[in-house]
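So the structure is just underneath, and the comments pick up after that.
The values are calculated or read from the model by the stated rules, or taken from the named source; none is laboratory data. Not measured: the values here are computed from a predicted model. Using ideal geometry, Cβ is built from the backbone for each residue, glycine included, and neighbour counts are taken over all protein chains shown. Ligands, DNA and RNA are excluded from the accessible area calculation, which covers all protein heavy atoms including side chains. Shrake-Rupley method; radii C 1.70, N 1.55, O 1.52, S 1.80 Å.
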Amino acid sequence: MKKASAIITNNGGMTCHAAIVSREMQIPCIVGTKSKGKAAMDYIKTGDVVTVDAKNGVVYKGNVESIVKPIKQATAADGAVVAAEQFAPTGTKVLMNLGDPELADKYASLPADGIGLMREEFLWTTYIHEHPLYLIETGHPEKVVNELADGISTVCRAMSPRPVVLRFSDFKSSEYRNLKGGDKYEPHEPSDLLGWRGASRYYDPKYIEAFKLELKAVKKVRNEFGLKNLNVMIPFVRRVSEAQRITDIMHEEGLYRSDDFKVLMMSEIPSNIICADKFNQFVDGYSIGSNDLAMLILGCDRNNETVASLFDERDLAVKRAIRHLIKAAHKDGKTVSICGQAPSTHPEFAQFLIQSGINAISVNPDMVKQTKRNVAHFEQRILLDKATGRGIKDTEDYSW
Ligand code: PEP
Ligand code: MG
């Protein structure tokens, strides 16, 4: 991806990882162009020159200079008055999603309160390239530990002392199969978004040794490199008993929750919300994975462009679920943040989240500044409306 000037795909939805990573890398990207039996690659052939306006979802024939050329901002040297950017403090934390450690230094100066989601998968595809079970079988498990620890520590150092939340691996089997040696270890699953992913791998006898390497990397970063701002998050936990099993494995490996080591869980499956009161005992808090949550509440495959128009995290059903989670989590003193694409794609969604009492909002780097401003604005608005009894009333009924 790093070689590409722009990316256009036939398949995929707005929350597929190609779209998310290219956004982080600031590569223009349009996914899921299939429509009425035709798609972009029916029109574009090897050797064609096209210009991609990803903001508006348009592909032009040829080189359209006015789109490609960056708009020159006036600087002090041009005689422009340049004021330092100011960001008001906000009660709701604004965090940043970051996958590629090489971008950590570049984005560390943004006004983010920490990293709300560091997807471990990007470390595998950027640095490791090989399947963990293949590396174990061929006698090189240390490669996993060292490469993961290097990538994680790069981000922790750049962000220190602000907290970083590393999410343990959440590859699907088709993605694991693409790693070197992966074919031997991965099942062929018809719908791998609903298959062997997240927590269900970690305690599985077929995978547990690979998960332990991830835990060793975390210990290395915290104990050997002394980077105590590293915290972890467990993705795709379907059942309460799975949370118990993962907790047990972490304890066996010497990783316990404490004041300076938080264990979070992705809240991205309806069961996580319906049974939040039961999951609470295992975690310090949750981060809402609105990409998977919207998919699973609406029954709408997030990577399937045919149903893309039905995929909307702002649907009342998703909002009700979010409200319910925040209430159930806060009851036991657990924090709730969000790290799915919803507040990056729909900035106004932050208002609903703040009104619901969310503790933190994690967005793509390109949305950090705008979200910081929006959050300050929404918080002030809510206070004013409360104080004066005026303001626009929310007409949606979130009761459940
Ligand atoms: C989510 O599901 O919203 C999320 C943040 O995780 P991912 O997109 O990696 O599934
Ligand atoms: Mg998810």
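Only Cα pairs under 8 Å and at least 6 apart count here; give the relative contact order of the stretch 1-152 as a rounded whole percent.
13
Put +1 on the Cβ of each Lys and Arg and -1 on the Cβ of each Asp and Glu in the chain; which of Phe261, Ala108, Leu135 then has its Cα farthest toward the positive end of the dipole?
Ala108
Residues of the chain: accessible area per residue at 1.4 Å, in Å²?
Averaged over the residues of the chain, the accessible area is 48 Å².
Where does the charge balance sit around Ala112 when Lys and Arg score +1, Asp and Glu -1, over other residues with C-beta under 11 Å from its C-beta?
The answer is +3.
Which of Gly32, His17, Ala54 sits closest to the plus end of the dipole of the stretch 7-68, meaning its Cα is farthest towards the positive end, when Lys and Arg get +1 and Asp and Glu get -1 on the C-beta?
Checking the options against the dipole of the stretch 7-68, the answer is Gly32.
Can you give me the relative contact order of the chain as a percent, contacts being Cα pairs under 8 Å and 6 or more apart?
Computed value for the chain: 17 percent relative contact order.
At 4 °C and 1.567 mPa s, grab the translational diffusion coefficient of the stretch 1-83 from Stokes-Einstein with a Kirkwood Rh over Cα pairs, rounded to a whole number in µm² per second.
Answer, rounded: 89 µm²/s.
Ordering Arg323, Arg381 by accessible area with a probe of 1.4 Å, largest first, what comes out?
Output order, biggest surface exposure first: Arg381, Arg323.
Quick one: Debye curve from the alpha-carbon atoms of the chain only, equal weights, vacuum; give me log10 I(q)/I(0) at q = 0.14 Å⁻¹ to two decimals.
So the normalised log intensities work out to -1.38.
What is the dipole size for the stretch 7-68, taken about its Cα centre, with +1 at each Lys and Arg Cβ and -1 at each Asp and Glu Cβ, in debye to the nearest 20?
240
Quick one: order Glu186, Glu147 from most to least accessible surface, probe 1.4 Å.
From most exposed to least exposed: Glu147, Glu186.
Provide the packing ranking of 231-237, 367-373, i.e. peptides ordered by the mean count of other C-beta atoms within 10 Å per residue, highest first.
Sorting 231-237, 367-373 by mean packing, highest first, produces 231-237, 367-373.
Please report, in whole Å³, the volume per residue of the convex hull around the C-alpha atoms of the stretch 281-322.
So the per-residue Cα hull volume is 76 Å³.
Can I get the semi-axes of the stretch 294-389's equivalent ellipsoid? Compute them from the C-alpha gyration tensor as square roots of 5 times the eigenvalues, in angstrom, largest first.
24, 17, 13
Taking the Cα centre of the stretch 259-400 as origin, work out the dipole magnitude from +1 charges on Lys and Arg Cβ and -1 charges on Asp and Glu Cβ, in debye rounded to 20.
In debye, rounded to 20, the stretch 259-400 gives about 520.
Order these peptides, 91-99, 254-262, 205-213, 9-17, by their mean beta-carbon neighbour count within 10 angstrom, highest first.
Packing proxy ranking, top to bottom: 91-99, 9-17, 205-213, 254-262.
Kindly list the residues of the stretch 233-264 that lie in the label zone of Asn223, defined by a backbone N under 19 Å from the point 7 Å along the Cα-to-C-beta vector.
Residues 233, 247-263 fall inside that zone.
Given labels modelled 7 Å from the Cα in the Cβ direction, how far is it in nm from Lys106 to Lys184?
It is 3.7 nm.
Peptides 54-60, 348-354, 84-90, 311-317: what's the order by average Cβ count within 10 Å, highest mean first?
The packing order, highest mean first, is 348-354, 311-317, 54-60, 84-90.
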